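The values are calculated or read from the model by the stated rules, or taken from the named source; none is laboratory data. On a predicted model such as this, the values are computed, not experimentally measured, just so you know. Every residue, glycine as well, gets a Cβ built from its backbone with ideal geometry; the counts of neighbours run over all protein chains shown. For the accessible areas, the whole protein counts, side chains as well, though only heavy atoms, and no ligand, DNA or RNA atoms are used. Shrake-Rupley method; radii C 1.70, N 1.55, O 1.52, S 1.80 Å.
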Amino acid sequence: MATPQLRFKEFDGDWSAVTLEDLAEVERGKFSVRPRNDPRYFGGEMPFVQTGDVTGSDVYLRGFTQTLNEDGVRVSKVFPADTILITIAANIGDTTITQYPVACPDSVVAIQPKHDKANTIFLKNIIDLQKDNLDSQATQNAQKNINLQVLKPLELIVPSKEEQTKIASFLSAVDEKISQLTQKHELLSQYKQGMMQKLFSQQIRFKADDGSEFGEWVSEKIAKAFTNKSKSFNPLLNESLPCIELEHLSQNTGQILGTVNSSDQQSTKNLFEPNSVLYGKLRPYLRKFAKPQFKGVCSSEIWVLTGLKISNNYLFQFIQSEQFTELTNIQSGSKMPRADWSVIADAEIEYPCIEEQTKIANFLSAIDQKIEVVAQQIEQAKQWKKGLLQQMFV
């Protein structure tokens, strides 16, 4: 057989080709109730772990959004701690490990390692390397999915249980470092949210450079403080510009994940200038926003906001606040909830003088920079681990 490029020196010999069902019991979850949201089966003590819970977890399950009562457990399937859960619909191949018993629906498969043959953490990592392979085998119906006929015969190349355990111990140390960075990122994000709440509610005030107090905040309609300057731009009749769609705005981070060429887009777009504040107005709770430093066009689902009596830097921070989120929750009555600019423009806000705006924006931007540094450290650690996996596994 084969051996990996990177190996602990106390081990030698070839790795062996086996199937997933050689190493583990592979069983699909179950929830036979229709409709699936029947309240008679929910609200008990048993965690009911679904695809979103698995996708939102790390090495170990981070939480769950629903629980089953005794009736719910009877129509579902419960799996013990130390079970690998893998999603087989929508996001295919996402995995996590349970640390307590959980019930699962049939969109999740439980992989229970045979402990004389497989280490749980090793097995999770080697399955993770098969994500693209599994996704390529998915059938496309209403949504992509795979089944036990794909998972059970999945071929894996593995070493002895002893070598698996050694590798797993090393990878656990790497995962712990990533977990610590992730926790730091979450704490910084929570700290920023707390400071925003206090700053925009005036619980905390800055002082002027000479130590004097700033004046009272002005209260007036949003339309006088900042405006939605969205205006039509026909890419077929004008210059070609970078185009931002709603999916290009990263949720909650202010990052732009990519652009497309506006000349390739047939629909009408909104023009924006450098330093404009973009806000994804579809389903406001998504909190998608950005402040690009280039001229471009964006989807009509994105507002192009510009300060009138407040700076764009202050505006960029304000739209991330709970106060603005509450305003955008005043929605139109359409079937697809959308924040209504005409309603928001008529709402009242309070804002400080430009000097205090600058101090608030600079303070919050400094926290943003710290958050971004940690985010980059997390990504670098994940890429380093990915490189290790490619060398440590066959």
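So the values come out like this:
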| item | result |
| --- | --- |
| Selection count where residues are open to solvent by less than 60 Å² (accessible area, probe 1.4 Å) and in contact (Cβ under 8 Å) with a residue 60 or more places away in the chain, scope the stretch 375-394 | 8 |
| Failed condition for Gly93, given (1) at pLDDT below 95; (2) more than 23 Å from Leu388 (Cβ to Cβ) | (2) |
| Residue identified as open to solvent by 70 Å² or more (accessible area, probe 1.4 Å) and not aliphatic (A, V, I, L, M) among Glu372, Glu355 | Glu355 |
| Wholly within the stretch 295-394, helices (runs of 4 or more DSSP H) carrying at least 2 residues that are in contact with a Leu (Cβ under 9 Å, 6 or more places away or on another chain) and within 18 Å of Met195 (Cβ to Cβ) | 312-318, 354-392 |
| Residue within the stretch 165-184 that is without any contact (Cβ under 8 Å) to a residue 60 or more places away in the chain, closer than 19 Å to Leu20 by Cβ and open to solvent by less than 70 Å² (accessible area, probe 1.4 Å) present | yes |
| Any pair with Cβ under 9 angstrom, 6 or more apart, that starts in the stretch 97-117 at a residue that is free of Cβ contacts under 8 Å to residues at least 40 places away in the same chain and ends at one that is in a strand (DSSP E or B) and open to solvent by less than 10 Å² (accessible area, probe 1.4 Å) | Ile97/Ile84; Ile97/Leu85 |
| Residue that is acidic (Asp, Glu) and either surrounded by fewer than 19 Cβ atoms within 10 Å (Cβ to Cβ) or over 23 Å from Lys382 (Cα atoms) (or both), where the choices are Asp82, Asp53 | Asp82 |
| Residue match in the stretch 347-366 (condition: farther than 16 Å from Val218 by Cα, under 30 Å from the mean Cα position of the chain (by Cα), at pLDDT below 95 and aromatic (Phe, Trp, Tyr)) | no |
| Criterion violated by Val343 - all others in (1) open to solvent by 10 Å² or more (accessible area, probe 1.4 Å); (2) aliphatic (A, V, I, L, M); (3) modelled with pLDDT of 95 or more satisfied | (3) |
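Per-residue answers, yes or no, for (1) out of contact with any strand residue (DSSP E or B) (no Cβ under 8 Å at 6 or more places or on another chain); (2) in contact (Cβ under 8 Å) with a residue 60 or more places away in the chain; (3) open to solvent by 70 Å² or more (accessible area, probe 1.4 Å):
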{"site": "Ala17", "(1), (2), (3)": "no, yes, no"}
{"site": "Gly29", "(1), (2), (3)": "no, yes, no"}
{"site": "Arg34", "(1), (2), (3)": "yes, no, yes"}
{"site": "Phe42", "(1), (2), (3)": "no, no, no"}
{"site": "Glu45", "(1), (2), (3)": "no, no, yes"}
{"site": "Phe64", "(1), (2), (3)": "no, no, yes"}
{"site": "Val78", "(1), (2), (3)": "no, no, no"}
{"site": "Ile86", "(1), (2), (3)": "no, yes, no"}
